[in-house]
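Following: one structure in structure tokens, then a few remarks.
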Amino acid sequence: MKCPFCGYKDTKVIDSRPTDERKRRRRECTNCGQRFTTYEVVEKPQLMVYKRDKSFEPFDRLKLCKGIQSAVKKRPVSVDDMNRLVDDIENAFANRMQTETTTEEIGNMVLAGLKKLDHVAYVRFASVYKDFGDVEEFIKIISELSQPADDHSVNESDK
């Protein structure tokens with residue numbers, strides 16, 4: 001790290017603390033003795049999204065948030081829950097170091113998250129995302145929600 005005061009190329013870290021989504025480092029120049037602060041941020045790879053019309057654009061977190069907001073409008077889903085869902089989606093791609101995806105993959109991830117959060121929001125998002133053509137498709141998705149999920153976590157023999 002180059003010293004901002006004298007330009008010397010050798011500094012030492014004298015204190016390091018995590019803050020929000022970055023790391024704060026207090027540094028000291030080994031030449032002039034001046035101290036300064038730097039912030040280290042993890043750089044995520046740019047995620048590009050293939051759309052249904054075959055166009056290609058950068059992932060837009062705000063656009064995804066707006067779509068989810070429409071689905072959860074007037075539902076008991078907090079802003080924190082919504083942000084956590086978007087964070088989970090972004091982190092899933094970052095953790096896999098994936099730089100390209102499709103709107104379909106993102107949409108399926110949103111659906112999975114909304115299914116856990118709120119069934120009405122799930123149906124709302126699915127109706128737009130899947131572009132339902134008739135009432136039968138609504139009935140099918142609602143009937144899937146009303147069926148109890150198989151719970152394999154507790155086995156009768158374990159009781």
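The values are calculated or read from the model by the stated rules, or taken from the named source; none is laboratory data. Nothing here was measured: the structure is a model prediction, and the numbers come from that model. Counting neighbours? That spans all protein chains shown, and the Cβs are built from the backbone with ideal geometry, glycine included.
List of remarks:
- Selection from the range 30-52 of residues that are among the small types (Gly, Ala, Ser) and touching an Asp or Glu at 6+ places or on another chain (Cβ under 6 Å): none
- Residues satisfying the stated conditions in the range 52-70, i.e. of a type in the set (Phe, Trp, Tyr) and surrounded by 13 or more Cβ atoms within 10 Å (Cβ to Cβ): Phe59
- Of the set (1) in a loop (DSSP other than H, G, I, E, B); (2) without any contact (Cβ under 8 Å) to a residue 12 or more places away in the chain, all apply to Glu105 but (1).
- Exclusive hit being over 30 Å from Thr103 (Cα atoms), modelled with pLDDT of 95 or more and outside the structural domain of Lys115 (by TED's automatic domain parsing), set Arg35, Arg17: Arg35
- Of all residues in the range 1-51, exactly one satisfies the criterion of being surrounded by fewer than 11 Cβ atoms within 10 Å (Cβ to Cβ) and in contact with a Pro (Cβ under 7 Å, 6 or more places away or on another chain), namely Gln46.
- Out of Val49, Val42, one residue alone is over 19 Å from Met109 (Cα atoms) and either under 17 Å from the mean Cα position of the chain (by Cα) or hydroxyl-bearing (Ser, Thr, Tyr) (or both). It is Val42.
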